[in-house]
Amino acid sequence: MKKIHFEHINSTSSYLKENYDKYDNLTFVSADYQENGRGRNGRVWSSEEGENLLFSILIKDEVLFNKTSDLSLSSAVCVYKCLKKFNIDDVSIKWPNDVYIKGKKISGILLESVSCGKGIEALIIGVGINVNSEKFTNDLINEPTSMCLELGKKIDLDEIRQVIYNEFIVMINDIKNDKRNYLKIVRDNNYLKGKKVYALIDNKRELVEVIDINDDNSLKVYVNSNYLNVYSGEVTFHV
Ligand code: BTN
């Protein structure tokens, strides 16, 4: 299990995408700064140099290639557990894999697959956690938070990098062995539960009420007197 750290990189996830054939399963790549940090749905993930955790983990284990929704949700649970270990309260998980503290986003996860003609060759879990940032730019609607803002003190990045790395190694092994303890944590700390949000249903944006998370990791919602399952996509808030 190799760990590589860069001061500057394009993106830890892009790096692993381009170099997955050179590295083993569970290679961990982190960076102080990303020139082109990527978020979900083509968004940018920006972070000041040396302030936050930016890392990606390479998965080259075929058993895990069809467990992407388990890996996605349980990655958020790894971040949840890590924040709890640093005594942060009120942590919740916003399906499919954002981590929130009292309504403010503290971490985002980007799960990508690398495919060629034969099918999936690798998965890459990219994680950004706001650790020591105190000011955020260009996100006025959904104001984020950081561990430092929550705790009122700076956090040692090497320490938290080690804690989160250990959480991910245990989690990936659990998912491989079909241990799904993460579901209870996601259900008990479901940020969206009871909230009205917009979700894409049959390609139509519908206002739905979030009920729960199903056993298959989909989101159970109530709309037009029916219960439906949402499998993918972004849910946005009704304001
Ligand atoms: C999101 O919430 O939109 C997901 C953000 C994921 C950001 C991380 S930072 C490390 C890794 N490298 C990237 O370019 N993106 C992910």
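All of the numbers you see were taken from the coordinates with simple rules; none came from a lab. The shown structure was predicted, so the numbers you read here are calculated from the model rather than taken from an experiment. Note that each Cβ is placed from the backbone with ideal geometry, even for glycine, and that neighbours are counted across all protein chains shown.
Below, the figures for the structure above:
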{"item": "Shape call, the range 106-164: gyration tensor on alpha carbons, a/c limit 1.5", "result": "oblate"}
{"item": "The chain - mean residue ellipticity at 222 nm from DSSP helices (-39,500 (n - 2.57) per run, n ≥ 4, rounded to 500)", "result": "-7500 deg cm²/dmol"}
{"item": "Three-way shape call for the chain based on the alpha-carbon gyration tensor, with the a/c threshold at 1.5", "result": "oblate"}
{"item": "Sites Ser69 and Glu18 - FRET efficiency at Förster radius 25 Å, r taken between beta-carbons, to 0.05", "result": "0.50"}
{"item": "The range 104-193: GluC sites (Glu not before Pro) in DSSP coil with no more than 12 other Cβ atoms inside 10 Å", "result": "Glu134"}
{"item": "Gain in span if fully extended, Lys153 to Glu206, counting 0.36 nm per residue against the direct Cα distance", "result": "14.9 nm"}
{"item": "Kyte-Doolittle mean at least 0.0 and Cα axial length at least 15 Å: DSSP H helices in the chain", "result": "68-85, 157-176"}
{"item": "Relative contact order (percent, whole number), the chain, Cα cutoff 8 Å, 6+ residue spacing", "result": "16"}
